[in-house]
Every structure is written in structure tokens, then in C-alpha cells.
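Worksheet for the structure shown next.
The values are calculated or read from the model by the stated rules, or taken from the named source; none is laboratory data. Predicted model, so just to flag it, every value in this text is computed and none were measured. Cβ coordinates were reconstructed from backbone atoms using ideal geometry, including for glycine residues, and neighbour counts include every protein chain displayed.
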Amino acid sequence: MPRVGEGDDFRGLLDAPIICGRKQLFRAAVQACGSGDWAEFGVYNGKSAAILVTELAKKEDPPSTKLHLFDSFEGLPGHWSRPYWHDMKAGTFNLKGRLPQVCKHPLVKMHVGWFKDTLPLFQPQPMGLGLIHIDCDVGSGHTDVFYGCQKYMSRDTMIIFDDFYDVPGIPPNPRLAREKDIWLAEGFEAFEQWVDDQNVEYEWLARNPTQRAIARILSPVPAAVA
Ligand SMILES: C[S@@+](CC[C@H](N)C(=O)[O-])C[C@H]1O[C@@H](n2cnc3c(N)ncnc32)[C@H](O)[C@@H]1O
């Protein structure tokens, strides 16, 4: 289980400015992101997608920018273990064919299926991707997203991560208060491997007190070799 001890800032993550609230964190990414479409990986009941599409609709020049929503809607592809919360079995979040309302929004384009199958067919508009939100929990999904999207990333592409790390002492989970170590999620491990493998330059724009963070891409990312 990936952990980092006290005193380790985890590549600067813990030094990133703290923003409270998911909406507020999303807004920081929206304000800082470069041009290009937006994409979310892990939609489920559409709560985070609804925040994103509302922000997109508020932008001065929204007509051409799209929000691409990727999900199998069949739930997690594998078991997901998170020590301070309950483990989640494969199939958790299966909507059994009932897609959320946000999927019908005119600014949304749907990509229903497993990331590994939908990403090879995906092509955003020519400016690429300005903002990516990843909330798919399992590490392999993150890896699919990084390699599948990297050719569309450029300077100021924002990657917002959910369930990325847990910090001891942060409510509401009382078990965290008794632990010393920060817990790093599978997605964090996948991110580390990808940035090292592809020499990706990035910085942390901001983070929630726990769980969520925004990475800002600092340079063009080369296309992954198949
Ligand atoms: C935690 S839920 C997303 C929650 C949502 N962002 C929200 O705020 O309500 C995770 C979603 O990721 C999807 N998912 C996970 N791994 C996937 C993969 N490899 N391909 C497609 N969908 C995946 C699941 O079907 C599930 O709907």
C-alpha cells in the first residue's frame, strides 16, 4: 500500500496552496486552464460533471468548447482498496444503463465504455484538452487516461484528481486522526510512473485539504509510443 511518512512533501504536493471545497477547487482549475476541450473520466451520477458543465457554460466564449464525459457506467473495473474508508468491490457505481441527466447537456459529448476502448477513438477539437478531471478510483484507469490523453495535453492543461491522497487528522473519518502516515491512492502511483516514464513537467496548482489536487502541465507532452 503506497504511503509516505511524515516530513515527506510528496513531490511538493503538500506545499501546494490549499483550497476548501470541490467547487472552489474546480474553479481554480477553470481560471488557470489553457484553451481546449474539457474531459471527465469517471462520471457516475454526474455530480462533478454538473459542476464542470455549469462552469463551462459561464465562460465568455463557450460555444465551441465541449465537455467530454467518459464512463463505462458499469462501475469499477476492479477492487479498490482505500485503508481509511471501506474497500470497494468491482462493479461499485454500476448504474445498470441509467445515465445521468447531465449526459444530455448540449455542451457534453458522451464516450460510453471502458477508457481503454473509448480513448483510442477519441479526438478532441484542434486545441486539444485544457482541463481533465479524473475520478475513476482504480489505478489502471488513470494509466489509460494519461497515455490516452497525453498527445492532447499542452502547457496549462489542468489535471484535477479525485481520491488522490488522504491526510491524517482531517475529518470526517476519525480513523485518520489516529494514523501518522499520508495515504497515497493508486492514481497517485500511476501519475508518478507516467510523469517519470514520459518526462512530464508539471507543478501542483492547488489541493483540497485532503483527497483532491490539481496538476498544471508545464510543457508539451510527447505522444506516447504505442
Ligand atoms: C467514483 S465514480 C465517479 C463519481 C463522479 N465523478 C461524481 O462526482 O459523482 C467512478 C466512476 O468511474 C467509472 N470507471 C472507473 N474505471 C473506469 C474505466 N477504466 N473505464 C470506464 N469507466 C470507469 C465507474 O463506472 C464509475 O462510474
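Structural remarks
- Only residues that are buried (at least 24 other Cβ atoms within 10 Å of the Cβ) and not in a strand (DSSP E or B) were counted across the stretch 34-48, and they come to 2.
- Among residues of the stretch 22-43 that are more than 26 Å from PHE73 (Cα to Cα), those with a Cβ under 6 angstrom from a residue that is of a type outside the set (A, V, I, L, M) and in a strand (DSSP E or B), sequence gap 6+ or separate chain, pair up as CYS33/GLY130; GLY34/GLY130; SER35/GLY130.
- Evaluated against (1) modelled with pLDDT of 90 or more; (2) under 22 Å from PHE188 (Cα atoms), GLY34 falls short on exactly one condition, (2).
- Cross-chain or 6+ apart pairs with Cβ under 6 Å, the stretch 97-110 first and among the basic types (Lys, Arg), then assigned to a loop (DSSP other than H, G, I, E, B): LYS109/LYS66
- Within the stretch 56-85, residues that are at negative phi and at pLDDT 90 or above sit with their Cβ atoms under 6 Å from residues that are of a type in the set (Phe, Trp, Tyr) and part of a strand (DSSP E or B), at 6+ positions apart or across chains, in these pairs: LEU67/TRP38; PHE70/PHE41.
- Look at (1) out of contact with any Asp or Glu (no Cβ under 9 Å at 6 or more places or on another chain); (2) at pLDDT 90 or above; (3) surrounded by fewer than 18 Cβ atoms within 10 Å (Cβ to Cβ) and you find that LYS116 fails only one, number (1).
- In the stretch 71-78, the count of residues that are more than 12 Å from the ligand (Cβ to nearest atom), of a type outside the set (D, E, K, R) and within 30 Å of THR210 (Cβ to Cβ) is zero.
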